Amino acid sequence: MKKVERINIIMRYINNRAHFTIAELMREFNISRSTAIRDVREIEALGMPLVAEVGRDGGYSVMRNSVLPVVRFTDNELKALFIAFMATRNQQLPYLKSRQSLTEKLLGLISENQQEDLFLLNQLLLFEGTNPHNPELLELTDLPHPMLDKLIQLLLTDSYLLISIYDKTYPVFLLQLYREKSRWMIKGFDLQGEKMQIYPVDLLENVMPFVPERRLSRKKMLDKLSKQEEAVNLVLELGPKAIAQFKKYHPVQASISYTNPYQTTAMLKLFINVNQPDELAEMTSWLLFLGENVQVREMPGEVRESMQSRIRSFGE
């Protein structure tokens, strides 16, 4: 018997009795004393008002004069909630442990027939990233980077942060925390370099609050950023085929601006650090991936040479 099923049955067993003991639960459900105690604690956490009675014959009783709010869901509402939980598996989302407890509470509120429907859905529906050999909803195999929770907790109080990456510390005003291509990213204003930067969360070694000498509101920070010109050394005009390729895959910092109402042509402007061999090689591969439906308006000589070298190597 799965833990969620056992908890649900024990709750109904308890609710139908004026008094029960740990020993009774051990005999009735063939579980150890530690498991019975742990189950009782979880049932209390779910909201069932239990009163412990001390003494030789002590045990537990349910507070009958305590009325808990009744939560009722339609079948479709239950399925909608459950499928929403299923769809977020392997997404490395924050607060995953809360998702687990919510699912347990949800299953504890519904009938056995409704539970069977949800268990069947759990077996039938597979979303992207789900392991078909182990599609267990309550098993936390998709925990995010440990810094993500800490980062979110700090952001709830202030956007000024000190982040550490590769033993270097950066004072940052964080503008957005977003997820793209299975990676959590920080979009922030570098207070030292006074420019926009993107930082991968999985590279964070530490994060802490930062108290600057001069504080700016989010609106003033955005106004300041809007007045700055972004460093751009690559300008491309994309046709419809190249736009389709761009939508399939593009670097985190890349974005396009459509140049006609039919969204069949677009401009791409970004900065390539030609002094970083890894970035140069990655961007070369990606530009070739876009295909021939591209017109070059501006491009660093190093990128052009890298692309020509790659094309020559294809012909050899």
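Restricting attention to the stretch 179-193, which residues are touching a residue at least 12 places away in the same chain (Cβ under 8 Å) and of a type outside the set (Phe, Trp, Tyr)?
Filtering the stretch 179-193 for residues touching a residue at least 12 places away in the same chain (Cβ under 8 Å) gives 179-192.
Selection gives Arg179, Glu180, Lys181, Ser182, Arg183, Met185, Ile186, Lys187, Gly188, Asp190, Leu191, Gln192.
Show me the strands (runs of 3 or more DSSP E) found entirely inside the stretch 238-316 where at least 1 residues are among the polar types (S, T, N, Q), farther than 27 Å from Ser182 by Cβ and at pLDDT 90 or above.
Numbers: elements: 256-258, 266-270, 294-298.
Where strands (runs of 3 or more DSSP E) fall fully within the stretch 238-316 and carry at least 1 residues being among the polar types (S, T, N, Q), farther than 27 Å from Ser182 by Cβ and at pLDDT 90 or above, they are 294-298.
Do we have any residue at all in the stretch 288-308 that's closer than 30 Å to Gln92 by Cα and assigned by TED's automatic domain parsing to the domain that holds Phe189? Please lay out each step first, then the result.
The first filter runs over the stretch 288-308 and keeps only residues closer than 30 Å to Gln92 by Cα, leaving 289-290.
Among the residues that remain, those that are also assigned by TED's automatic domain parsing to the domain that holds Phe189 are: none.
No, the stretch 288-308 contains no residue that is closer than 30 Å to Gln92 by Cα and assigned by TED's automatic domain parsing to the domain that holds Phe189.
So which residues in the stretch 275-316 are closer than 21 Å to Glu237 by Cβ, surrounded by 12 or more Cβ atoms within 10 Å (Cβ to Cβ) and aliphatic (A, V, I, L, M)?
Scanning the stretch 275-316 gives Met283, Leu287, Leu288, Leu290, Val294, Val296, Met299, Val303, Met307.
Residue-wise test of (1) touching a Phe, Trp or Tyr at 6+ places or on another chain (Cβ under 9 Å); (2) closer than 16 Å to Ser61 by Cβ; (3) touching a residue at least 60 places away in the same chain (Cβ under 8 Å); (4) not small (Gly, Ala, Ser).
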residue	(1), (2), (3), (4)
Arg17	no, yes, no, yes
Thr21	yes, yes, no, yes
Arg27	no, no, no, yes
Arg33	no, no, no, yes
Asp39	yes, no, no, yes
Ala45	no, no, no, no
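Among the candidates Val235, Val207, Val201, single out the residue that is touching a Leu at 6+ places or on another chain (Cβ under 6 Å) and within 23 Å of Ala254 (Cβ to Cβ).
Values: Val235 fails: touching a Leu at 6+ places or on another chain (Cβ under 6 Å); Val207 fails: within 23 Å of Ala254 (Cβ to Cβ).
Only one candidate passes the filter, namely Val201.
Look through the stretch 253-274, keep the residues that are within 15 Å of Leu234 (Cβ to Cβ) and either among the polar types (S, T, N, Q) or out of contact with any helix residue (DSSP H, G or I) (no Cβ under 9 Å at 6 or more places or on another chain) (or both), and return whichever of them is surrounded by the fewest Cβ atoms within 10 Å (Cβ to Cβ). Break it down into steps so the answer makes sense when it comes.
Here is the first cut: in the stretch 253-274, the ones within 15 Å of Leu234 (Cβ to Cβ) are 253-257, 266-274.
With the extra rule that they be either among the polar types (S, T, N, Q) or out of contact with any helix residue (DSSP H, G or I) (no Cβ under 9 Å at 6 or more places or on another chain) (or both), the set shrinks to 253, 255, 257, 267, 269, 271, 273.
Values: Gln253: 14, Ser255: 13, Ser257: 8, Met267: 15, Lys269: 16, Phe271: 12, Asn273: 13.
Of everything passing the filter in the stretch 253-274, Ser257 is surrounded by the fewest Cβ atoms within 10 Å (Cβ to Cβ).
Since Tyr178 meets every condition but one in (1) within 30 Å of Pro94 (Cα to Cα); (2) touching a Ser or Thr at 6+ places or on another chain (Cβ under 7 Å), which condition does it not meet?
It fails just one condition, (2).
When residues of the stretch 86-96 are filtered for being on the phi < 0 side of the Ramachandran plot, within 12 Å of the chain's Cα centre (by Cα) and in contact (Cβ under 8 Å) with a residue 24 or more places away in the chain, how many remain?
Kept after step one, since they are on the phi < 0 side of the Ramachandran plot, are these residues of the stretch 86-96: 86-89, 91, 93-94, 96.
Subsequent filtering for residues that are within 12 Å of the chain's Cα centre (by Cα) retains 87-89, 91, 93-94, 96.
Retained after the next criterion (residues that are in contact (Cβ under 8 Å) with a residue 24 or more places away in the chain): 87, 89, 91, 93-94, 96.
Counting residues in the stretch 86-96 that are on the phi < 0 side of the Ramachandran plot, within 12 Å of the chain's Cα centre (by Cα) and in contact (Cβ under 8 Å) with a residue 24 or more places away in the chain gives 6.
Restricting to the stretch 284-316, what's the tally of residues that are in contact with a strand residue (DSSP E or B) (Cβ under 8 Å, 6 or more places away or on another chain) and within 23 Å of Lys248 (Cβ to Cβ)?
Residues flagged as in contact with a strand residue (DSSP E or B) (Cβ under 8 Å, 6 or more places away or on another chain) and within 23 Å of Lys248 (Cβ to Cβ) within the stretch 284-316 amount to 9.
What are the residues in the stretch 1-28 that are part of a helix (DSSP H, G or I) and more than 41 Å from the chain's Cα centre (by Cα), if any?
Step one: of the stretch 1-28, the residues part of a helix (DSSP H, G or I) are 3-15, 22-28.
Result: Ala23, Glu24, Arg27.
The values are calculated or read from the model by the stated rules, or taken from the named source; none is laboratory data. These numbers come from a predicted model, not from an experiment. Cβ coordinates were reconstructed from backbone atoms using ideal geometry, including for glycine residues, and neighbour counts include every protein chain displayed.
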